[in-house]
1. Using a probe radius of 1.4 Å on heavy atoms only, what accessible surface per residue do you get for the chain? Whole Å² is fine.
2. Leaving ligands, DNA and RNA out of it, report the carbon-plus-sulfur percent of the accessible area of the range 291-404 at a 1.4 Å probe.
3. Tell me the mean residue ellipticity at 222 nm calculated for the chain from its helices only (DSSP H runs of n ≥ 4, each -39500 (n - 2.57), averaged over every residue, nearest 500).
4. Can you pull the percent of Cα pairs in the range 1-68 with separation above 13 Å?
5. Could you state the orientation-averaged shadow area of the convex hull built on the Cα atoms of the chain, in nm² to one decimal?
6. Pick from SER62, SER287, SER157 the residue whose mean-square fluctuation is largest in a GNM of the chain, springs joining Cα atoms under 10 Å.
7. Listed highest first by mean packing, meaning other Cβ atoms within 10 Å per residue, what order do 198-207, 241-250, 38-47 come in?
8. Just the Cα atoms of the range 281-387: what Rg and Dmax do they give in Å?
Amino acid sequence: MKKIPLHIRIFIGMLLGILLGIISIVFHLGPFITNWIKPFGTIFINLLKLIAIPLILVSLISGVSNLKDISKLSRIGGKTMALYLITTVIAIAIGLIAVNTIKPGNFLSKEKQVELSSKYAQDANLKVSDAQKLKQSGPLQVIVDIVPDNIFGSMGSNRNMLQVIFFSILFGIALIMVPEAKGIPVKNFFDGVNEVILKIVDIVMHYAPVGVLALLTALMVDFAGDDPKQALELFSALGVYAFTVLLSLALMILLVYPLAMRLFTHISYKQFLKAIMPAQIMAFSTSSSAATLPVTMECVEKNLGVKEEVSSFVLPLGATINMDGTSIHQAVTAVFIAQAFGHDLTLVDQLTIILTATLSSIGAAAVPSAGLITLVIVLGAIGVSPEGLALIIAIDRPLDMCRTIVNITGDAVVTSMVATTENGFQKVEPLN
Ligand code: ASP
């Protein structure tokens, strides 16, 4: 079993989950599944939630502090951050337009939406009381709420992840500003803890096949009750959801990036794609921007001719904080789950998604499934139960593989744009 790659094992878990789900529905094994199988799915969700706060805290501190010398890097840093932010917001906007137009969640029948949403009525009520609180408070309360008055208090609840992100960025910036002799041990400490947390993600992901099996079986049983036809409805809705994610990702690669390259660089997009294709293949097969980083750097430096002084700063930062594919996925998924639970999203909710999906794609580590964990932030911010992850977790891996391609392509596009303005190219042999 050890030798089978993880994504295949997760896929097998998914197939077995579906099979067990069908058997349970046909043989009316609902209570057995709820008592004996579903808890393993709950444990998996808990494990994901368990590492969310430490992961964001440590990976952001270590990512921001990679800026190293503020004065030297402030110009390039400013440009890079601005471009990363702009491309991320464009990505989220595309995702939101696609999901609001296609409405994949509505492929679930009205009755099913009502049933699901009443199942999560407690959270809906929470949302209503949150909304009322918001009405009573001033218009700037949303911003005030991002700034914690006690970081340990913030870390005590997964609902406060925005506050943890705020603290981590502040800490990372301050870490760059303190004298090197004092800063280096702290940075090394956080880099080390970062490794440990990533290892925990690794360990948790080994449990993913079992978690996915349990979640999927329980989901099908919960969903279908005694009617197998209704299970089919769920899978057609998931198909449309996956299509919406893939379409938005494709728009980024086929429309936004070529336009950016054409307007802001001298490199033809065909040449660019040829140059970074090895990195894209790596991203697809590892689902990790971090694992792909060495290949991305090599492609951008050797094939495109970007000078190391630009690429060695822009690319590692991008791998950590710039995830256009992940942010598209967060936006589409949050709205899909809300639609599936029958939550009506207001304009404020959609704007909240733009803000939180930006921040949580920044906070997501560059490893497989990291986006799933930070999705909890986006769902929490719009008052949708994180249990909704159960709906999409089973088909996350193929989507993760595709969004990671977009993540690293976005990094390479921005690197080329920054290099163009910084005279950061050198001559290289053209690729055949
Ligand atoms: N796997 C993605 C990456 O490493 C992150 C995610 O969306 O889960 O870029």
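The values are calculated or read from the model by the stated rules, or taken from the named source; none is laboratory data. Being a predicted model, the structure only gives us computed values, none of them experimental. Neighbour counts are summed over all protein chains in view; Cβ atoms, including those assigned to glycine, are modelled from backbone coordinates with ideal geometry. Note: areas computed on protein heavy atoms with side chains; ligands, DNA, RNA excluded. Shrake-Rupley method; radii C 1.70, N 1.55, O 1.52, S 1.80 Å.
1. Here the per-residue accessible area is 46 Å².
2. 63
3. -25500 deg cm²/dmol
4. 77
5. For the Cα atoms of the chain, the hull's average projected area reads 21.8 nm².
6. So, out of SER62, SER287, SER157, the one fluctuating most is SER157.
7. Output ranking for 198-207, 241-250, 38-47: 241-250, 38-47, 198-207.
8. 16.2, 51
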